[in-house]
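First up is the structure itself, then whatever we jot down about it.
The values are calculated or read from the model by the stated rules, or taken from the named source; none is laboratory data. Everything numeric in this text was worked out from a predicted model, so none of it was measured. Here the Cβ positions follow ideal geometry from the backbone for every residue, glycine too, while neighbour counts run over all protein chains shown.
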Amino acid sequence: MGGETCGGGLHMIDINDPLRPAFIGCFQDTSTGRAGTGYTHDAMCIIYQGPDTEYAGKEICFGANETALSIADVSDKANPVALSRASHPNVAYAHQGWITEDHRYFYLGDELDEGQARSGQAPEMEGSRTLIWDVSDLDDPILIKEHFGETFTTDHNLYIKGDLMYQSNYMSGLRILNIRDPESPVEVGFLDTVPWDESVRMQGSWSNYPFFESGTIVVTSMQQGVFFVRYRPREVL
């Protein structure tokens with residue numbers, strides 16, 4: 001039933017009993033998604049502890065829904081509520097994003113905008129683009145900045161741990177950005193898994209995992225394999 005009714009949106013499953021997972025609800029904002037079904041390409045769901053006190057302790061989902069960022073309160077799985085939606089300039093494919101640990105900012109990647117820019121449809125783009133949303137009011141997310149990276153390749157999956165953002169950018173590999181100033185990310189390290197090519201092709205680093213307590217970062221690169229690396233900040237003498 002769930003697979004037929006969720007329209008590609010959130011398909012919620014109760015796994016309190018791991019051996020007996022049970023479908024418990026859908027959420028789809030039909031004003032988003034290319035087909036108008038509320039399709040969610042990727043979502044991040046959290047128990048909200050951010051500045052919007054109205055939703056403290058609620059389960060909030062941030063959906064990258066192809067055409068827009070979708071925010072929903074899914075605390076009641078039988079009656080989830082759309083809180084807001086917002087799009088960005090030259091939207092091509094709102095793909096995936098991650099929230100800061102204080103739940104104030106959401107960084108979103110658009111997977112196809114670099115390709116559009118290279119074809120002349122968005123000449124103002126200067127590099128790999130990351131959308132920075134102020135989500136301190138969940139009912140009114142505000143795009144406060146478009147950050148352009150030091151390379152011009154297609155961005156894919158990004159994750160945040162502390163003050164660092166770990167972004168897999170296909171043909172330019174893993175890019176590590178310091179977001180201590182959330183509105184002005186600064187690249188502080190990288191591992192280019194395909195150093196001989198900086199095109200917008202969808203090859204190279206697809207994703208990464210920076211959450212091990214050891215500090216080891218796992219970086220996947222589709223044709224090159226898996227890399228295990230560690231970020232070491234530069235020492236200033």
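With the condition kept exactly as written, say whether any residue in the stretch 156-168 is touching a residue at least 24 places away in the same chain (Cβ under 8 Å) and out of contact with any strand residue (DSSP E or B) (no Cβ under 9 Å at 6 or more places or on another chain).
Looking only at the stretch 156-168, we keep the residues that are touching a residue at least 24 places away in the same chain (Cβ under 8 Å), and these are 156-162, 164-168.
So of that shortlist, the ones also out of contact with any strand residue (DSSP E or B) (no Cβ under 9 Å at 6 or more places or on another chain) come out as 161-162.
Yes, because at least one residue in the stretch 156-168 is touching a residue at least 24 places away in the same chain (Cβ under 8 Å) and out of contact with any strand residue (DSSP E or B) (no Cβ under 9 Å at 6 or more places or on another chain).
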TODO: With the condition kept exactly as written, say whether any residue in the stretch 115-125 is at pLDDT 95 or above, aliphatic (A, V, I, L, M), over 12 Å from the mean Cα position of the chain (by Cα) and part of a loop (DSSP other than H, G, I, E, B).
DONE: no
Sole miss for THR130 among (1) over 24 Å from VAL218 (Cβ atoms); (2) crowded, with 17+ Cβ neighbours inside 10 Å; (3) touching a residue at least 40 places away in the same chain (Cβ under 8 Å); (4) of a type outside the set (Gly, Ala, Ser) is condition (1)
How many residues of the stretch 88-110 are among the hydroxyl-bearing types (Ser, Thr, Tyr) and farther than 30 Å from PHE23 by Cα? The answer is 1
All conditions in (1) free of Cβ contacts under 8 Å to residues at least 12 places away in the same chain; (2) in a loop (DSSP other than H, G, I, E, B) are true of VAL226 except (2)
Practice task
Assess whether GLY120 counts as being under 24 Å from ARG180 (Cβ atoms) and among the small types (Gly, Ala, Ser).
Solution key: no
